[in-house]
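Reviewing the structure listed below.
The values are calculated or read from the model by the stated rules, or taken from the named source; none is laboratory data. What you see is a predicted model; the values in this text were computed from it and never measured. Cβ: placed from backbone, ideal geometry, glycine included. Neighbour counts: every protein chain shown.
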Amino acid sequence: MSDNHNQHHIVPLSTYYTIFLALMVGTALTWWVATIDLGAMNNVIMLTIAVTKATLVVLFFMHVKYSSKLIWLAVGGSIFFLLILIVLTLNDYMARGWYTFG
Amino acid sequence: MSNGAAVAHDAHAHHPALAHHFESLDAQKEASVLGMWLFLVTEILFFGGALTAYMIYRTWYPDAFAVASSEIAILPGAINTAVLILSSLTMALAVHAAQTGERGKILVFIAITMVLGAAFLGIKAYEYHEKYVEGHIPGLGLPFRFEEEYYRPAQIFFSIYFVLTGLHALHMIIGLGIMTWMLVLTRKGVITPEYYAPIEISGLYWHFVDIVWIFLFPLLYLIGRHVHHVG
């Protein structure tokens, strides 16, 4: 994270290749995990891998790691509101039938 | 007064790509990147809404979703995941070439990115055709074939499948349009190491579409696969 002095940060090509390999390994790992029965953990592991892959793309391919605090705020804000959207909606759907008050 | 300012301005040599309301090319690029990110924020919440619909229906019909998801062949989806990740790499390499001012490389890497994007859409079209052959397209008056127990919730799963993959494919098509535009800008010589924001923010869009697929692949193709070993 840095302010304006890093506007023209050029990411070394080796970083791009490493991230590419990590993404491919992550894809293979997701497929492999899907074929073995881990009960409720299957989906947790697959989504954890997906979130990790997305984070790598955002930080390195999309240069957020080298961007200003303002960009971090935009990215962080979008994740925050995405979580509000998903968590609070599911919270309501899962808990609505539990109790009736009054 | 305004005349004097204009004269003073003309006396000031500046980069042809620098718009008048920006102090510097750096400030201009920061504004472009922020603007693209703000657009992507709306995109994240847009796809987030569709994914929330997926999650709610999956909590309602977990078995139907597992069975219906297992009907989708993994291989084309996995190949497409690899194709998109590779296209993200070539996009990143195009931005790198723009930063170092290698115009030939920008053109080559954007062209490869476009070929990979087109390959993705081709494989997607093949998959859609498979769904048609298997009778897995809900609505449109087409015959929907599925085991009796999950007949209706399976249609919900495939409706969500087509909405999510369809919206994603639409983004890919728009991405191909943007990349064509970038080829033209680069050929015209507009893109330089001092001014490469168009390539950079087009890349942001392309990577975002890649990220959407990174989530769609496990959610649509792999969920419930460990329970129902079909295909």
Residue by residue through the stretch B:16-39, note down the ones that are in a helix (DSSP H, G or I) and more than 7 Å from chain A (Cβ to nearest Cβ). B:25, B:27, B:28, B:31, B:32, B:35, B:36, B:39
Those residues that are over 19 Å from the mean Cα position of the chain (by Cα), of a type in the set (A, V, I, L, M, F, W, C) and surrounded by fewer than 21 Cβ atoms within 10 Å (Cβ to Cβ), I need them from the stretch B:80-106; list them, please. none
Can you say whether residue B:120 is more than 10 Å from every other protein chain (Cβ to nearest Cβ), exposed (fewer than 15 other Cβ atoms within 10 Å of the Cβ) and either among the basic types (Lys, Arg) or over 24 Å from residue B:197 (Cα atoms) (or both), as far as the supplied structure shows? no
Scanning the stretch A:8-49 for residues that are in contact (Cβ under 8 Å) with a residue 24 or more places away in the chain and not polar (S, T, N, Q) gives A:9, A:11, A:16, A:19, A:22, A:23, A:26
Residues (surrounded by fewer than 20 Cβ atoms within 10 Å (Cβ to Cβ) and in contact (Cβ under 8 Å) with a residue 40 or more places away in the chain) located in the stretch B:55-65: B:57, B:60, B:61, B:62, B:63
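For the stretch B:87-96, check the following and say yes or no: at least one residue is small (Gly, Ala, Ser), in contact with an Asp or Glu (Cβ under 6 Å, 6 or more places away or on another chain) and within 14 Å of chain A (Cβ to nearest Cβ).
Our first condition is that a residue be small (Gly, Ala, Ser); within the stretch B:87-96, this holds for B:87-88, B:92, B:94.
Checking the rest, the ones that are also in contact with an Asp or Glu (Cβ under 6 Å, 6 or more places away or on another chain) come to B:88.
Next cut, within 14 Å of chain A (Cβ to nearest Cβ) only: B:88.
Taking every residue of the stretch B:87-96 in turn, at least one turns out to be small (Gly, Ala, Ser), in contact with an Asp or Glu (Cβ under 6 Å, 6 or more places away or on another chain) and within 14 Å of chain A (Cβ to nearest Cβ).
Here are some residues: A:47, A:85. Which one is closer than 27 Å to residue A:25 by Cα and within 7 Å of chain B (Cβ to nearest Cβ)?
Working: A:85 fails: closer than 27 Å to residue A:25 by Cα.
Of the residues listed, the single one that is closer than 27 Å to residue A:25 by Cα and within 7 Å of chain B (Cβ to nearest Cβ) is A:47.
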Residue A:42: within 7 Å of chain B (Cβ to nearest Cβ), under 22 Å from residue B:62 (Cβ atoms) and not aliphatic (A, V, I, L, M), yes or no? yes
Let me spell it out: the conditions are (1) buried (at least 20 other Cβ atoms within 10 Å of the Cβ); (2) modelled with pLDDT under 95; (3) farther than 30 Å from residue B:184 by Cα, and residue B:77 meets all of them except one. Which number is the exception? (2)
Select the helices (runs of 4 or more DSSP H) contained entirely in the stretch A:6-102, then report the ones holding at least 3 residues which are among the aromatic types (Phe, Trp, Tyr) and at pLDDT below 95. none
Give the residues of the stretch B:211-223 that are more than 8 Å from chain A (Cβ to nearest Cβ) and either touching a His at 6+ places or on another chain (Cβ under 8 Å) or not in a helix (DSSP H, G or I) (or both), sorted by residue number. B:212, B:213, B:216
Could you figure out which of (1) assigned to a helix (DSSP H, G or I); (2) over 14 Å from the mean Cα position of the chain (by Cα); (3) within 26 Å of residue B:105 (Cβ to Cβ) isn't true of residue B:208? (2)
Could you tell me whether the stretch B:67-81 includes any residue that is aliphatic (A, V, I, L, M), over 23 Å from residue A:56 (Cβ atoms) and not in a helix (DSSP H, G or I)? yes
If you go through the stretch B:49-71 one residue at a time, how many are facing another protein chain (nearest Cβ under 10 Å) and either among the β-branched types (Val, Ile, Thr) or on the phi > 0 side of the Ramachandran plot (or both)? 3
